[in-house]
Amino acid sequence: MNKRIVVLAAAAFLLAAFAAAADVTLNVQEHVLANGMKILMIPKPGVPRVVCHIYFKVGSINERPGITGSAHVHEHLMFKGTEVMGVTDYAAESKIDARIDELMGLVYKEKYWKADGDQAKIAAWQKEVDDLVKAQKAYIIKDDLWTQYMKNGGTGLNASTSQETTGYYVTLPSNKVELQMLMESDRLMNARFREFYSEKDVIMEERRLSENQPGYFFNEQVNAGFYTASPYHWDVIGWMDDLKKMTKEDLVAFHNTYYVPNNAVAIYVGDFDPKAIVAMAEKYFGRIPKGPDLEPIRDGEPPQYGEKRFYGEGPAPTSLQMMFHTPRDGDPDTPALSILATTLGSGGGGFRGGMGGGGGTGRLYKTLVRDKQLAVSASASSRPQWYVGAFQFRATPRVDKGVKPEDLEKEIWAEIDKIKKDGLTEDEIQKAKNQGEAMFVRSLGSAMGLASRVGRAELMRGWRAILTDLDALKQVTNDDIKRVAAKYLVKDNSLAAIYTRKSGR
């Protein structure tokens, strides 16, 4: 496929390559505000609606021990209104909220700063807080942001937090985009984080629901054991103890540091006039003061210098995980690792985050599930994250035939050794390339998928990287496959996690 990038005008680009491949025309236009906020626009004339996404370069990797879960908590609290949203009488409500904060500060210090805090004082302060919370509710307009979007034809209002990014989404009629810029810029500048303590309880309950899933704690510990130094060590939802002790001041500081225009990208996909989008962005987002310059994450993963092994037991199915450290997103070795993962077995995820494919046609499935009947399932995935990467195998043994996880581990190592010696076949490599390209093109097929793909890519390596990544994938050779297998899939770089089902728990 011939690929070319055509410069249309200053800061405007047409990606003709994928138009030819998938009958999709991409026209990404850029505008940068004086405060550093980037505006991306992809006009798609036709249906008069616009997908409006805002992405922030912040996720759980920007947290630190003690405030894990902050990015996810912040995502929730951004729906709790501003001085003009979500409240009927801000002056009255803010006095109550300030008193709640003051009392909860006393409760926190008595409960968490002292080994033998005065329980009577805590109970009295907590009772006063409970009464104030009831009084505060008289001034709160529940789901006001969502209601306003709904009244104006909005759909798909949502938000998400990952390890690396936070996103806020809504789709609106073309003549209502100004409303999105008005309300989103307002909550960026004036978020009040009201109902902080009750919402934190909601999030802790969310974590408890996860904890009730069989094997949750084991998998959490395995992940923490694999990532020892980097902030990928903890899950997005955070440690429960940190959630309990997180204060509103912690959240406000996190907000003021990371939720700033120079750490954000807004992207619009749909039927609109780019000049009008730029004018509105200048008016609303342009009024937000620039935030501090942000340093990239400092902590990477040191060399492991030895095999790690984890054993656990409980009510979840018996299973095997094998994990290997790999380089970050954008490294020259990443494409070969993606081809290898696709050929060995489905890993799920997208082109960047964990190229999949194979599934029932992958090598591991054919060998371990179909031919030898040693496993119920077997998969592989490669996940090149922003700062560190991981290559992973998962397999579930046929316990009905007496197969143990260790048996599957030996089989997988034998397959790895074969790849180090012989690599893959040319047909396997070409099939994996075709799958990767097809997944990429399909991901651009919808306006929401397009916004997500281009917007998230812009945050780290720039949206043009999605083109160079596809080119790099097409250049992978069998020598590359053998080289990365020999370099990364070694014992001293590995973690094996063996979980055994035990009844009675």
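The values are calculated or read from the model by the stated rules, or taken from the named source; none is laboratory data. What you are looking at is a predicted structure, and each value in this text was computed from that prediction instead of being measured. As a convention, Cβ positions derive from the backbone with ideal geometry for all residues, glycine included, and neighbour counts pool all protein chains shown. Heavy atoms of the whole protein, side chains included, go into the accessibility calculation; ligands, DNA and RNA do not. Shrake-Rupley method; radii C 1.70, N 1.55, O 1.52, S 1.80 Å.
Structure notes:
- Boolean, residue 281 is small (Gly, Ala, Ser) and touching a helix residue (DSSP H, G or I) at 6+ places or on another chain (Cβ under 7 Å): yes
- Conditions (1) under 14 Å from residue 192 (Cα atoms); (2) open to solvent by less than 70 Å² (accessible area, probe 1.4 Å); (3) over 31 Å from the mean Cα position of the chain (by Cα); number of the one not met by residue 122: (1)
- The lone exception for residue 394 - which of (1) within 25 Å of residue 320 (Cα to Cα); (2) over 29 Å from the mean Cα position of the chain (by Cα); (3) outside any loop (DSSP other than H, G, I, E, B) it fails: (2)
- Single residue of region 87-97 satisfying the filter (more than 20 Å from residue 254 (Cβ to Cβ) and not β-branched (Val, Ile, Thr)) that is most open to solvent (accessible area, probe 1.4 Å): 95
- Only one of 140, 122, 67 that is out of contact with any strand residue (DSSP E or B) (no Cβ under 7 Å at 6 or more places or on another chain), under 29 Å from residue 259 (Cα atoms) and among the β-branched types (Val, Ile, Thr): 67
- Taking the listed residues 431, 420, 366, the one that is farther than 30 Å from residue 466 by Cα and open to solvent by 20 Å² or more (accessible area, probe 1.4 Å) is 366, with no other qualifying.
- Any hit, region 212-220, residues being surrounded by 18 or more Cβ atoms within 10 Å (Cβ to Cβ) and either among the aromatic types (Phe, Trp, Tyr) or closer than 16 Å to residue 162 by Cβ (or both): yes
- The sole residue among 301, 295 that is part of a loop (DSSP other than H, G, I, E, B), within 21 Å of the chain's Cα centre (by Cα), under 26 Å from residue 459 (Cβ atoms) and without any contact (Cβ under 8 Å) to a residue 40 or more places away in the chain is 295.
- Some residue of region 31-41 being out of contact with any helix residue (DSSP H, G or I) (no Cβ under 7 Å at 6 or more places or on another chain) and modelled with pLDDT under 95: no
- Matching option when the condition is modelled with pLDDT of 95 or more and farther than 30 Å from residue 131 by Cα, among 190, 223: 223
- If you go through region 450-505 and pick out every residue that is open to solvent by 60 Å² or more (accessible area, probe 1.4 Å), closer than 30 Å to residue 270 by Cα and part of a loop (DSSP other than H, G, I, E, B), you end up with 2.
- Residues in region 234-248 that are in contact with a helix residue (DSSP H, G or I) (Cβ under 8 Å, 6 or more places away or on another chain) and open to solvent by 50 Å² or more (accessible area, probe 1.4 Å): 244, 245.
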